[in-house]
Amino acid sequence: MADTKTPTAKETRAAHTELTNLAERARTGDETAVPLIREFLQRPGAVGAFGGDLAEQVFVSMTKSIAGKNLGFREDVRCKLDRLRAELSGDNPTPVERVLVERVVACWLQVQDAELRAAQATDASIKQADFHQRRMDATNRRFLAAVKTLALVRKLAVPVLQVNIAKKQVNVAANAVVPATVG
Amino acid sequence: MGWDKNGRYYTRSKRVNGRVVREYVGGGRVGELVARMDAIKRDKRETERQCARLEREEVAELDAPLVELNELADLLARAALLAAGYVQHNRGAWRKKRG
């Protein structure tokens, strides 16, 4: 369920600081931090404070940069982003997955921008060509890392129900449909 | 680059094997013409440098929100994995915590 209220910058900063502190405590072995993180992630609006406005800001500025004044092309890019977002989100994404999908889509757009700029800089100096090449490499790395993180969270952070039926182990993800014929 | 001290000859300085060597181009109309061509080339290079700098600044401004988004998304992913009972070993693989 999407959060309808857009969080303010102050709320976003507060949520960011709170989660950073909890994650740091958990990283250093503080067992009491883990239930607090769980509670934080289930709190309505807490995850919504992460990245919603930022992602929109990225989409608007990058689309403008790629398409320029061509409004038709800008709309094409928007549609492509919507399709990509729908494909990656699936039917029932968790709030965390939604933020990670937004990040993947934003990184994909950045890769397109970097490649377009590099392709257009045909008579650039060696220094400028090097700058474009390094940006392309960096954006590609970030995009792959974003995809990897989404896949990792989908694989590990989904609550899984393990059922043993007639000596066969069946793992059922929280949002999966259990086939009626199992067992 | 410039005219010699008497203003009669146009000269250019260039580096040869690490040493600066002054090349005498000529005086009179030829010197003036070459001086103007060099000035145009210098202007062109300076304009290119300015354009490149502006583009780099524009790109940095464009990428800034995404850097922040990446940090937030990473933090959220880390939190989700910690909440699911996983721990990260030396910034590497995430493993289920025992016990």
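The values are calculated or read from the model by the stated rules, or taken from the named source; none is laboratory data. Bear in mind the structure is a predicted one, so any value in this text is a computation, not a measurement. Every residue, glycine as well, gets a Cβ built from its backbone with ideal geometry; the counts of neighbours run over all protein chains shown. Only protein heavy atoms, including side chains, enter the accessible area calculation; ligands, DNA and RNA are left aside. Shrake-Rupley method; radii C 1.70, N 1.55, O 1.52, S 1.80 Å.
Taking every residue in B:53-65, how many Cβ atoms of other protein chains lie within 10 Å of its Cβ, on average?
Average neighbour count from other chains, rounded to a whole number: 5.
Where does the range A:92-143 land on the Kirkwood hydrodynamic radius, alpha-carbon pairs, in angstrom?
The Cα-based Kirkwood calculation yields 12.1 Å.
For the charge dipole of the range A:53-157, defined by +1 on Lys and Arg C-beta atoms and -1 on Asp and Glu C-beta atoms about the Cα centroid, which residue among A:Gly72, A:Ile126, A:Ser89 has the Cα displaced farthest towards the positive pole?
A:Ile126
From the residues B:Gly28, B:Thr11, B:Tyr86, which one has its Cα farthest along the dipole of chain B in the positive direction, the dipole being from +1 and -1 charges on Cβ of Lys/Arg and Asp/Glu about the Cα centre?
Projecting each Cα onto the dipole axis, the largest value belongs to B:Thr11.
What's the percent breakdown of Cα-Cα distances in the range B:14-99 across 5 Å bins, shortest bin first?
Binned Cα distances yield the sequence 3, 11, 8, 9, 9, 7, 7, 6, 6, 6, 6, 6, 5, 5, 3, 2, 1, 0, 0.
Accessible area per residue, 1.4 Å probe, Å², for the range A:53-157: what's the number?
Using a 1.4 Å probe on heavy atoms only, each residue of the range A:53-157 averages 55 Å².
Working from the alpha-carbon coordinates of the protein assembly as shown, get Rg over Rh, Rh being the Kirkwood radius.
Result: Rg/Rh = 1.21.
Label points 7 Å out from Cα along the Cβ direction at B:Asp74 and A:Thr32: separation in nm?
2.9 nm
Pop out the ³J(HN,Hα) list for the range B:75-89 in order, Karplus 6.51 cos²θ - 1.76 cosθ + 1.60 with θ = phi - 60°, rounded to Hz; leave Gly and Pro as x.
4, 5, 5, 4, 4, 4, 6, 5, 5, 7, x, 9, 10, 9, 9
Where nothing but the Cβ of Lys and Arg (+1) and of Asp and Glu (-1) is charged, how large is the charge dipole of chain B around its Cα centre, in debye to the nearest 20?
Working: 22 positive and 15 negative charges, 150 e Å.
Computed about the Cα centre, the dipole is about 720 debye.
Roughly how many percent of the accessible protein surface of the range B:2-81 is carbon and sulfur, given a 1.4 Å probe and a whole-percent answer?
51 percent
Using alpha carbon centroids, what distance separates the range B:12-57 and the range A:24-99, in Å?
50 Å
Cα convex hull of the range A:53-157: how many Å³ per residue?
Numbers: hull volume 10.4 nm³, N = 105.
Convex hull of Cα atoms, per residue: 99 Å³.
Quick check for me: using +1 on Lys/Arg Cβ and -1 on Asp/Glu Cβ, what's the dipole size of the protein assembly as shown about its Cα centre, in debye to the nearest 20?
Numbers: 49 positive and 36 negative charges, 235 e Å.
Rounded to the nearest 20 debye, it is 1120 debye.
With equal scatterers on the alpha carbons only and no solvent term, can you work out the Debye log10 of I(q)/I(0) for the range A:11-52 at 0.28 1/Å?
For the range A:11-52, the Cα-only Debye profile gives -0.96.
Please list the non-local residues whose amide H lies under 5 Å from the amide H of B:Val25, H modeled 1.01 Å from N, same-chain partners needing a gap of 5 or more.
Here B:Tyr10, B:Thr11, B:Arg12 satisfy the definition.
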